[in-house]
Amino acid sequence: MKLPFIHKYYILNFKPEPVDTSSFSYPSDAVIIYEILRVIDRVYLFLEDHLDRLQNSLILTKLPVTLDRNEILQQLCHLIKYNDCSLGNVRIELIFHNGTTDFLAGFVPHSYPPPEQYIKGIKVVPLQAVRTNPNAKVLQQELRQQVEKILADKDIYEVILVNEEGMITEGSKSNFFAIADGKLFTPPLYQVLPGVTRKQILAMAAEHGIPLSEEPIPLKQVDNYEALFISGTSPKILPIAKFGTRKFD
C-alpha cells in the first residue's frame, strides 16, 4: 500500500514530511484506523465529530492508545498552512503494528459530485459484503479492492453493502437512506458506521418533525420506497436515480 497523500507535505508522527521523498511504508499486517475530513475555506467541517468517531474506533478495536486531541488539532492546522491549501479532503491514520503506533495526516485526492448529480441523481449497485466491525472506521483492504473494481465502471457512483440476511446496511463510503409516505428510513446504528453527515441528517429530521425509523431495510423491498439517497463527507446528501436496475424519479 502506497502513501495516499498529495501536495507537498503530510504529517508523520506530528512532524511535517515531504510527500515526494518520504520513506514511510505500510506494514502488510498493520491495523489502520482512519478518518476522512473535508476542508472548505481552510476550515475542517465537523472536526470534533470526526475526532469523537476516531476515539470511538479506538475503543471498539481495543487498541491501547490515547488520543491527544489538542496535538492533533494543532497538526491539522499546520497541515493546511504547510500546503497553503484551502479546499479538499484530509485523511488521518493511526497505524498499529508490533506494539507501535504511527500517526499520519495529509491531503488525499478527492472527487466531489458535479452539480447535475445533485439534480439527476446517481447510480448505485448492491454488493453482498459487510465490514467486520461496522461502528469502527478500520481499513479492510480486501473489501476496498472489491469496491474499487466495481467502481471502475464510471456509470456507478457507489456500492451499497448487503449483509448475509439480505439487509441493506451502508454504502462503501456513505450511509443509506430511504423515503416512503413522508417518513425517513435508515439502517440501525449497530449495522453501520456512525456517519458524521448521517448524524446531522437525523438531527435535522428531529428538528423539523420528520418521522424517522432506524430499522433493517431488506434489499428485496427496495422497490417499496419512493426515493433513496446517500450521505457522506464528500457527497454530502446525494439522491439515487438508479439502484441496480430499479429507477427512481
In whole Hz, what ³J(HN,Hα) sequence does region 226-234 give by Karplus (6.51, -1.76, 1.60; θ = phi - 60°), x for Gly and Pro? 7, 7, 9, 7, 10, 9, x, 4, 7
Which whole-number percentage describes the relative contact order of the chain, with Cα contacts under 8 Å and a sequence gap of 6 or more? 19
Would you please give the residues with an amide H less than 5 Å from that of Ile6, counting only those at least 5 places away or on a separate chain, with H modeled from the backbone geometry? Phe107, Val108
Just want to confirm a number: the relative contact order over region 9-108, from Cα pairs under 8 angstrom separated by 6+ residues, in percent. 42
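Under 10 °C and 1.306 mPa s, how fast does region 115-247 diffuse according to Stokes-Einstein, given a Kirkwood radius computed over C-alpha pairs? Answer in µm²/s, whole number.
On the way: Rh = 15.0 Å.
The diffusion coefficient I find is 106 µm²/s.
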So, R0 is 41 Å and r is the distance between the beta-carbons of Ala206 and His97; what FRET efficiency does that work out to, to 0.05? 0.45
By per-residue mean of other Cβ atoms within 10 Å, what is the highest-first order of 2-8, 241-247? 2-8, 241-247
List the pair-distance distribution P(r) of region 9-108, using every Cα-Cα distance, as the percent of pairs falling in each 5 Å bin from 0 up to the bin containing the longest distance, rounded to whole percents. 3, 12, 25, 25, 20, 11, 4, 0
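Are any of the pairs Lys154/Lys236; Lys120/Lys247; Lys154/Lys199; Lys2/Lys199; Lys62/Lys137; Lys137/Lys247 more than 23 Å apart by Cα-Cα distance, and if so, which?
Lys154/Lys199; Lys2/Lys199; Lys137/Lys247
Can you quote the Å³ per residue value for the convex hull of the Cα atoms in region 64-106, rounded to an integer?
Dividing the Cα hull volume of region 64-106 by its residue count gives 71 Å³.
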Output ordering of 80-93, 183-196 (per-residue mean of other Cβ within 10 Å, highest first) is 183-196, 80-93
Along region 136-147, what does the Karplus equation 6.51 cos²θ - 1.76 cosθ + 1.60 (θ = phi - 60°) give for ³J(HN,Hα), rounded to whole Hz, x for Gly and Pro? 10, 8, 10, 5, 10, 4, 5, 5, 4, 5, 4, 5
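Give me the number: length gained by fully extending Leu219 to Lys8, i.e. 0.36 nm times residue separation minus the C-alpha to C-alpha distance, one decimal in nm.
Numbers: separation 211, 0.36 × 211 = 75.96 nm, distance 4.42 nm.
Result: 71.5 nm gained on full extension.
Using a cut-off of 10 Å between beta-carbons, work out the net charge of the residues near Leu193 (Lys and Arg +1, Asp and Glu -1, Leu193 not included).
Details: positive: Arg53, Arg131, Lys137, Lys173, Arg198; negative: Glu170.
Combined, the nearby Lys, Arg, Asp and Glu give +4.
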Nearest 20 debye, what's the magnitude of the dipole of region 115-247 about its Cα centre given +1 on Lys and Arg Cβ and -1 on Asp and Glu Cβ? 340
Could you run the Karplus curve 6.51 cos²θ - 1.76 cosθ + 1.60 with θ = phi - 60° over region 149-164 and give me ³J(HN,Hα) per residue in whole Hz, x for Gly and Pro? 5, 5, 6, 4, 6, 5, 6, 9, 8, 8, 10, 9, 7, 10, 7, 5
Given the candidates Val43, Phe5, Leu73, the one whose Cα lies deepest towards the positive end of the charge dipole of region 1-74, counting +1 at each Lys or Arg C-beta and -1 at each Asp or Glu C-beta, is Phe5
Search the structure for amide H atoms under 5 Å from the amide H of Ile240, placed 1.01 Å from N in the peptide plane, and list their residues when 5 or more places away or on another chain. Ile122, Leu228, Phe229, Ile230
For Leu184, the residues 5 or more places away or on another chain with a placed amide H closer than 5 Å to its own amide H are Leu212, Ser213
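No value in this document is a laboratory result; all are computed from the given coordinates. Because the structure is predicted, anything quoted here is derived from the model rather than measured. Quick reminder, even Gly has a Cβ in these numbers, built from the backbone with ideal geometry, and neighbours come from all protein chains shown.
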